[in-house]
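Presented below is the structure to which this report refers.
The values are calculated or read from the model by the stated rules, or taken from the named source; none is laboratory data. Please read these numbers as outputs of a predicted model, since none were measured by experiment. Neighbour counts are summed over all protein chains in view; Cβ atoms, including those assigned to glycine, are modelled from backbone coordinates with ideal geometry.
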Amino acid sequence: MSPSTYISLSTVRLLCGSGGDFTSVGTGFFYITDFGAPEGVAQIPLVITNKHVVKGFVDAKLFLTTCNPGEQPDETGATQNDQHREALISGIDQRLMLHPDPNVDLCAFPIQDICDAVVSDGRELRLAYLNDSYLVPGDERPHIRVIESVAMIGYPNGLWDQSNNRPLVRRGSTASHPFVRWNGRREFVIDAACFPGSSGSPVFLFEDVMFRQRGGAYTPGSKAHLLGVLASGPWIDREGRIVRRDVPAATTLVPIVPAMMNLGNVVHADAIRDLLPIIGSAVQAGLSFPRAALL
């Protein structure tokens, strides 16, 4: 499977709300991490997203695809036996693990119970997990430049391929150096079309046709490294022509309409590593929460 197909399978559409009213749509992505357990090494499957996508809500829906055990997706990202399911998480607030820095808009929640429910149905999730190996290796970081090509995967304005449960991929470039803190925050800026619903999207350094190896040499092929997670973006007020109209007993003006600048602030990927000890400690302490339901 090509790197581009693999990373396109790493996201999940999140719908959040309370009392049956789902009002927030965003993006999460699958991440898996190891931690030490009394019996050895255990793996924890997670979804990572922004705090503002899920915080303050009670329920969340995840739109998932299952396949037969052992089936591998082709380059379309599908298998011959795809089935699309929804997972309803009641009490999402009880399983959230927030980044300890209030200025870092990042959180995670475990999905082992969802994985178990799918397996009990004789299926497995069709997805692609990211992990620490997708971060830029230390010996490659000196070769990363201010202007790099990036790919962002998610659900802008909630749009998706509902029939195939697939996200949309946006291309752009870095607008600031991806390893330098923008205005002192653990963020950098990208030049890409960033819309509501894209919050929580993984942003990849994506090199295609030719990519750099360690030492700076180039070789044919493609490569993807996780640079960060889209969190926010600047807006401007777009002022249209002010129109004055006579109406009974009043005079009205055309309102100012906010518009996005096609820039996005991206949380540095290494902030994910700050979450992992919190997750491991919570699991070892027996974090409990209501089990998700497959719909």
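Points worth noting:
- Residue count for region 84-117, restricted to those that are crowded, with 17+ Cβ neighbours inside 10 Å, small (G, A, S) and out of contact with any helix residue (DSSP H, G or I) (no Cβ under 9 Å at 6 or more places or on another chain): 1.
- Test result for F57, touching a helix residue (DSSP H, G or I) at 6+ places or on another chain (Cβ under 9 Å) and part of a loop (DSSP other than H, G, I, E, B): yes
- Test for A87: is it modelled with pLDDT of 95 or more, out of contact with any Ser or Thr (no Cβ under 8 Å at 6 or more places or on another chain), farther than 20 Å from C194 by Cβ and hydrophobic (A, V, I, L, M, F, W, C): yes
- Matching residues in region 159-171 - criterion: being surrounded by 12 or more Cβ atoms within 10 Å (Cβ to Cβ) and either within 16 Å of L14 (Cβ to Cβ) or touching a residue at least 60 places away in the same chain (Cβ under 8 Å) (or both): L159, W160, N164, N165, R166, P167, L168, V169
- Scope region 127-156; condition among the small types (G, A, S) and in contact with a Leu (Cβ under 6 Å, 6 or more places away or on another chain); matching residues: A128
- Every condition in (1) under 20 Å from A151 (Cβ atoms); (2) part of a helix (DSSP H, G or I) is met by H52 except one, and the failing one is (1).
- Residue count for region 120-158, restricted to those that are surrounded by fewer than 13 Cβ atoms within 10 Å (Cβ to Cβ), within 18 Å of the chain's Cα centre (by Cα) and not hydroxyl-bearing (S, T, Y): 1
- Lone unmet requirement of (1) over 17 Å from the mean Cα position of the chain (by Cα); (2) buried (at least 20 other Cβ atoms within 10 Å of the Cβ); (3) assigned to a strand (DSSP E or B) for D34: (2)
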